[in-house]
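Peer 1: Pasting in a structure now, in structure tokens, and then I'll have a few things to ask.
The values are calculated or read from the model by the stated rules, or taken from the named source; none is laboratory data. Please read all numbers here as calculations on a predicted model, not as lab measurements. Neighbour counts run over all protein chains shown; Cβ positions are idealised from the backbone, glycine included. Remember, those area values only see protein heavy atoms, side chains included, never the ligands or the DNA or RNA. Shrake-Rupley method; radii C 1.70, N 1.55, O 1.52, S 1.80 Å.
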Amino acid sequence: MTARLDQVPDRRRSGLLLRLSLSAALLWSGVAYGLAPTFSDGLSVGSAAAQGVPGFVDPNPDAQMFLEADELIYDDAANQVTAVGRVTIFYDGYTVEADEVVYDRAQGRVLARGNVILVEPNGSVLRGRSADLSDTLLDGFVDALSVETPDQTFFTARRATRRNGEVTVFEEGTYTACTACEDDPDRPRAWMFHADRITYDEGERMVYYDNVRLDFFGIPVIWLPFFAHADPTVERQSGFLRPVPTYDDELGVGVSVPYYIVLSPSYDVTITPTVYTNQGLHLEGEWRQRLETGEYSIRASGIHQFNPDAFDRQPGDQRWRGGLASNGAFRLNSRWNAGWNLFLQSDRRYFRDYALEDAADADEIVSDVFLTGLHDRSFFDARVQRIEVTTIDANGTLDSQDQAWSLPVVDYDRRFSPDLFGGELQVSGNLSTTVRQDEYIDVLTIGGAATNSYEGFDGQYARATMEANWRRTFIGPMGQVFTPHFGFRGDAIGYNLDATATAAGFDSNDDTRFRGMATASLEWRWPFLITAYGSTHVVEPIAQIIARPNASSVGQVPIEDSQSLVFDASNLFDLDKFSGYDQIEGGTRANVGARYVGTFQNGLTLSAIVGQSFHLAGENPYATNQTLIYNEPDSGLETDRSDYVAMVSARLQDRLALSASGRFDEKDFTLERGEIIAAAAHGPLSVSTTYAYLAERPDAGVQDDQHQISGTAAWQVNNGWRVAGSVQYDLEETQLLGFGAGISYVCDCFGIGLNYTYVAAEANDGISDNRLMLNISLRTIGGVETEVLDNDRFNNVFGDSN
């Protein structure tokens, strides 16, 4: 039968149905309240903030309730009303189903028996064997409860009890975000939390767990006596966050227990004490604040070390160590942004030794303050940058502080479309001011003798550059493309270096210089389109001539940003092939080549470029050896007719990719530098390999040819398991440079991976490195990555691998 309250005329039946309506509403409210805590993404064991817990919502007083049942039984003697057989109650977006519902008017109790199901408006489905609730909602319980939420999280309890109208206790509860196996629903989930008792206190807006166990595939792995988290309706709640265990040879076993304090909707504080068995108590505090235009944070930390002698290197062996760090980012308006990343520490190894500020494996710690602006056709970036070197050399001592600080570096670029000349006018500038504390010298063997390669000196260096360039493209007869270009650049340079620069043959330790460079160039291209059956082809010959006077001050100014020079097909048609501003190209040069692109119906794409560069007049800047910093003597551009450069690539959809590039001697086509990269994927298997060749360069201290090959492979075994590996090998020296291997399992709710990497001493500044990493992630809980074995512990277990 179906009943609606406003459709029952009989007074006695109306009263009974009214009571039945009330009992059904109470049943809905009681079962709905607090029975399914789930966990939000990004939290971890011991600090999971619940989200979406089904909770009591005041009924809508104007809502109408409908009841469907096979039979209604009125027992006046027992003062009970019973709905039997396929009972369904609809009320204010909720649906309650049961085999039987009994309202005991004398006891003020509502009982639902047999296959109790509650569907909430948000889609959560709650199931139970039976429910017994008071009509005031001050107490009650549900037997054999299970909950499934719309985001595929699951909760069960042997019994859920509600008392005092605001506290719900779940006995023998479980939680997981893993779905059941379709073929075998009884098979253990990938992971699941078990707790003796889960208490949800609406007044305190907290959820408490007692005696918690974490199972993986039904196997107990982790146990915690207690943890708690905030009510799901609370976005931020003061309290303890999850404990974080750590281990390090010098520090010992450590446990961090952060405490989070909410001070206002816009700022908070986190205090993190960490106890290390070998070094004592480490304290860290963080202040975070969000403003209307951005946010910032300040972190301070420190420790009085119990056992500084555990650090067998400087500067870790001191009692007091600490640091201060801050990050900020602000949007000043629609065009401008500013911010900072600042790090100050008692010694250069503090953050790295204590794995703070993401510096656990960082070779350098970079602090900067920046201002950036971006508009339709302009860009501005200014930043001050301070670099601290944190590495230890093969002798166990701290490396020299040989990285330059930028104080500051400024870049500016603006593009115009002038009405008078048409085309595009570009105005750009660069300001670079660097300070280095220690000289950076590399010793090369040239002609059998040790020779210093000066890559940087301690002292100060500043350069300001302004440049203007105009270019315009014209379409000539028969589709020919002409692009004239005119430009001018000016530099002001000042430096004050130490005595090592004078000993290296540098003219002066304190000098100011000015230099300028005018450029005129013309580029010609003539693209031909060829259409064939199932394919199209574009062949484009290209010629470029660049006229400049000789560069001034060559070998007489410091070089910081232009030490790298690789001549290949990618920069054949660049106006200036130096990598930065400190070196400048002069003289007259022509670049000649051709480009090809082919597209086929089967998804195959081919491309190629080949060409050569010619020094026509003036001094060749690539043939001049710099005095201060050793210039690349075998770049392929040092002769009037450069080496040939070429590149070819092929791609077949996402299944195959192949590219090969090379630089060939201009006289006999001998390969000077080459690289081949191939990648393929078929079904669950994917592989890639890279071969690199570099001919001997005696003038650069490289006495032998270099052949290296590297490869990677990955096999997706099934929907969950994946195996991957990598290897690097020196073919010339016939020795292994490094390799790695890993295995991982990933499903809809869980991921775990174990990865091992080895780097040979020959590829790592004379120090071999072994690491074994374990990472685990749980959906809705978060993830953790830990170093199972670092290099020191690996060598202690398996022997020194140097």
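Peer 1: Quick check, is ARG86 at positive phi and assigned to a strand (DSSP E or B)?
Peer 2: On the way: at positive phi: yes; assigned to a strand (DSSP E or B): yes.
Judged against the criteria, ARG86 is a match.
Peer 1: Considering only region 448-565, give the strands (runs of 3 or more DSSP E) lying wholly within it that have at least 3 residues that are in contact with a Leu (Cβ under 7 Å, 6 or more places away or on another chain) and at pLDDT below 90.
Peer 2: Working: elements: 449-456, 459-471, 481-497, 510-525, 528-532, 535-547.
Result: 449-456.
Peer 1: So, in region 573-613, exactly how many residues are within 17 Å of ALA660 (Cβ to Cβ) and touching a helix residue (DSSP H, G or I) at 6+ places or on another chain (Cβ under 6 Å)?
Peer 2: 1
Peer 1: For residues that are charged (D, E, K, R) and touching a residue at least 24 places away in the same chain (Cβ under 8 Å), scanning just region 727-770, find the one that is nearest to THR153 (Cα to Cα). First the steps, then the outcome.
Peer 2: First, pick out the residues of region 727-770 that are charged (D, E, K, R): 730, 732-733, 748, 762, 765, 769.
Next, from what is left, pick out any that are touching a residue at least 24 places away in the same chain (Cβ under 8 Å): 730, 732-733, 748, 762, 765.
Details: ASP730: 50, GLU732: 56, GLU733: 55, ASP748: 11, GLU762: 50, ASP765: 49 Å.
Ranking the qualifying residues of region 727-770, first place goes to ASP748.
Peer 1: With more than 30 Å from SER642 (Cβ to Cβ), among the β-branched types (Val, Ile, Thr) and crowded, with 16+ Cβ neighbours inside 10 Å as the only criterion, which of VAL687, VAL727, VAL723 stands out? Please lay out each step first, then the result.
Peer 2: Numbers: VAL687 fails: crowded, with 16+ Cβ neighbours inside 10 Å; VAL723 fails: crowded, with 16+ Cβ neighbours inside 10 Å.
Residue meeting the stated conditions: VAL727.
Peer 1: Next question, about the same structure. Would you check if there is a residue in region 183-192 being open to solvent by 40 Å² or more (accessible area, probe 1.4 Å), touching a Gly at 6+ places or on another chain (Cβ under 9 Å), in a loop (DSSP other than H, G, I, E, B) and of a type in the set (Lys, Arg)?
Peer 2: Checked against the condition, which is being open to solvent by 40 Å² or more (accessible area, probe 1.4 Å), touching a Gly at 6+ places or on another chain (Cβ under 9 Å), in a loop (DSSP other than H, G, I, E, B) and of a type in the set (Lys, Arg), region 183-192 yields at least one hit.
Peer 1: In addition: Can you tell me which residues in region 655-681 are assigned to a loop (DSSP other than H, G, I, E, B) and surrounded by 16 or more Cβ atoms within 10 Å (Cβ to Cβ)?
Peer 2: From region 655-681, those assigned to a loop (DSSP other than H, G, I, E, B) are 655, 665-670; that's our starting set.
Of everything in region 655-681, just one residue is assigned to a loop (DSSP other than H, G, I, E, B) and surrounded by 16 or more Cβ atoms within 10 Å (Cβ to Cβ), namely GLU666.
Peer 1: When you go through (1) touching a residue at least 40 places away in the same chain (Cβ under 8 Å); (2) in contact with a Leu (Cβ under 7 Å, 6 or more places away or on another chain) one by one for HIS282, which number turns out not to apply?
Peer 2: Every condition holds for HIS282 apart from (2).
Peer 1: So, in region 240-252, how many residues would count as being closer than 18 Å to ILE303 by Cβ, more than 26 Å from the chain's Cα centre (by Cα) and open to solvent by 20 Å² or more (accessible area, probe 1.4 Å)? Even if it seems obvious, please write down each step before you answer.
Peer 2: Just the residues of region 240-252 that are closer than 18 Å to ILE303 by Cβ, to begin with: 244-252.
Narrowing further to those that are more than 26 Å from the chain's Cα centre (by Cα): 249-252.
Applying the additional criterion that residues be open to solvent by 20 Å² or more (accessible area, probe 1.4 Å) yields 249-250.
The number of residues fulfilling the criteria is 2.
Peer 1: Restricted to region 601-631, and to residues that are open to solvent by 20 Å² or more (accessible area, probe 1.4 Å) and among the small types (Gly, Ala, Ser), which residue is modelled with the lowest pLDDT?
Peer 2: Among residues in region 601-631 that are open to solvent by 20 Å² or more (accessible area, probe 1.4 Å) and among the small types (Gly, Ala, Ser), the one modelled with the lowest pLDDT is ALA623.
Peer 1: Determine which member of the set ASP634, ASP640 is of a type in the set (Asp, Glu) and either touching a Cys at 6+ places or on another chain (Cβ under 9 Å) or open to solvent by 60 Å² or more (accessible area, probe 1.4 Å) (or both).
Peer 2: Matching residue, one of ASP634, ASP640: ASP640.
Peer 1: What is the number of the single condition among (1) farther than 30 Å from PHE216 by Cβ; (2) assigned to a strand (DSSP E or B) that GLY751 does not meet?
Peer 2: (1)
Peer 1: Related question: As an exercise: evaluate THR95 against (1) open to solvent by 20 Å² or more (accessible area, probe 1.4 Å); (2) in contact with a Pro (Cβ under 8 Å, 6 or more places away or on another chain); (3) of a type in the set (Ser, Thr, Tyr) and give the number of the one condition it does not meet.
Peer 2: Among (1) open to solvent by 20 Å² or more (accessible area, probe 1.4 Å); (2) in contact with a Pro (Cβ under 8 Å, 6 or more places away or on another chain); (3) of a type in the set (Ser, Thr, Tyr), THR95 violates only (2).
Peer 1: Ok, one more. Take the residues in region 280-335 that are of a type in the set (A, V, I, L, M) and part of a loop (DSSP other than H, G, I, E, B), then tell me which one is surrounded by the most Cβ atoms within 10 Å (Cβ to Cβ).
Peer 2: First, pick out the residues of region 280-335 that are of a type in the set (A, V, I, L, M): 281, 283, 291, 298, 300, 303, 310, 324-325, 329, 332.
Next, from what is left, pick out any that are part of a loop (DSSP other than H, G, I, E, B): 291, 332.
Numbers: LEU291: 11, LEU332: 13.
Within region 280-335, the match that is surrounded by the most Cβ atoms within 10 Å (Cβ to Cβ) is LEU332.
Okay, residues lined up against (1) closer than 23 Å to ILE261 by Cα; (2) among the polar types (S, T, N, Q):
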residue: LEU281; (1), (2): yes, no
residue: GLY285; (1), (2): yes, no
residue: ARG290; (1), (2): yes, no
residue: GLY302; (1), (2): yes, no
residue: PRO315; (1), (2): no, no
residue: TRP320; (1), (2): no, no
residue: ASN327; (1), (2): yes, yes
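Peer 1: Something else now. Would you mind telling me which numbered condition in (1) in contact (Cβ under 8 Å) with a residue 60 or more places away in the chain; (2) part of a strand (DSSP E or B) ALA355 fails?
Peer 2: With (1) in contact (Cβ under 8 Å) with a residue 60 or more places away in the chain; (2) part of a strand (DSSP E or B) applied to ALA355, the lone miss is (2).
Peer 1: Let me ask another. Yes or no: region 166-181 includes at least one residue that is surrounded by 15 or more Cβ atoms within 10 Å (Cβ to Cβ), among the acidic types (Asp, Glu) and either free of Cβ contacts under 8 Å to residues at least 40 places away in the same chain or assigned to a strand (DSSP E or B) (or both). Let's see the steps before the verdict.
Peer 2: Step one: filter region 166-181 for residues surrounded by 15 or more Cβ atoms within 10 Å (Cβ to Cβ), giving 166-171, 173-179.
Checking the rest, the ones that are also among the acidic types (Asp, Glu) come to 166, 171.
Going one step further and asking which of them are either free of Cβ contacts under 8 Å to residues at least 40 places away in the same chain or assigned to a strand (DSSP E or B) (or both), we end up with 166, 171.
Taking every residue of region 166-181 in turn, at least one turns out to be surrounded by 15 or more Cβ atoms within 10 Å (Cβ to Cβ), among the acidic types (Asp, Glu) and either free of Cβ contacts under 8 Å to residues at least 40 places away in the same chain or assigned to a strand (DSSP E or B) (or both).
Peer 1: Sort out which residues of region 253-279 are closer than 17 Å to ASP353 by Cβ, part of a loop (DSSP other than H, G, I, E, B) and open to solvent by 20 Å² or more (accessible area, probe 1.4 Å), and write them in order of number. Spell out how you get there, then give the answer.
Peer 2: Of region 253-279, the ones closer than 17 Å to ASP353 by Cβ are 253-254, 256, 272, 274-279.
So of that shortlist, the ones also part of a loop (DSSP other than H, G, I, E, B) come out as 277-279.
Scanning region 253-279 gives THR277, ASN278.
Peer 1: Across region 643-654, which residue is least open to solvent (accessible area, probe 1.4 Å) among those that are within 38 Å of the chain's Cα centre (by Cα) and at pLDDT 90 or above? Please lay out each step first, then the result.
Peer 2: First, the residues of region 643-654 that are within 38 Å of the chain's Cα centre (by Cα): 645-654.
If we keep only those that are at pLDDT 90 or above too, we end up with 645-652.
Details: VAL645: 0, ALA646: 29, MET647: 63, VAL648: 77, SER649: 31, ALA650: 29, ARG651: 127, LEU652: 42 Å².
Checked region 643-654; the qualifying residue least open to solvent (accessible area, probe 1.4 Å) is VAL645.
Peer 1: What do you reckon, is THR199 touching a residue at least 12 places away in the same chain (Cβ under 8 Å), open to solvent by less than 50 Å² (accessible area, probe 1.4 Å) and over 35 Å from the mean Cα position of the chain (by Cα)?
Peer 2: Numbers: touching a residue at least 12 places away in the same chain (Cβ under 8 Å): yes; open to solvent by less than 50 Å² (accessible area, probe 1.4 Å): yes; over 35 Å from the mean Cα position of the chain (by Cα): yes.
In short, yes.
Peer 1: Quick one: in region 336-352, of everything that is in a strand (DSSP E or B) and in contact with a Leu (Cβ under 9 Å, 6 or more places away or on another chain), which residue is most open to solvent (accessible area, probe 1.4 Å)? It would help to see each step written out before you state the result.
Peer 2: Residues of region 336-352 in a strand (DSSP E or B): 336-345.
Okay, now just the ones that are also in contact with a Leu (Cβ under 9 Å, 6 or more places away or on another chain), so 336-339, 342-345.
Numbers: TRP336: 87, ASN337: 50, ALA338: 24, GLY339: 4, LEU342: 73, PHE343: 30, LEU344: 107, GLN345: 23 Å².
Only one residue tops the list, namely LEU344.
Peer 1: Give the residue, chosen from GLY598, GLY555, that is open to solvent by less than 20 Å² (accessible area, probe 1.4 Å), farther than 24 Å from GLN612 by Cβ, in contact (Cβ under 8 Å) with a residue 40 or more places away in the chain and not hydrophobic (A, V, I, L, M, F, W, C).
Peer 2: Working: GLY598 fails: farther than 24 Å from GLN612 by Cβ.
From the options GLY598, GLY555, the qualifying one is GLY555.
Peer 1: Taking the condition of being part of a loop (DSSP other than H, G, I, E, B), open to solvent by 50 Å² or more (accessible area, probe 1.4 Å) and at pLDDT 85 or above, how many residues in region 202-237 meet it?
Peer 2: Total satisfying the criteria: 1.
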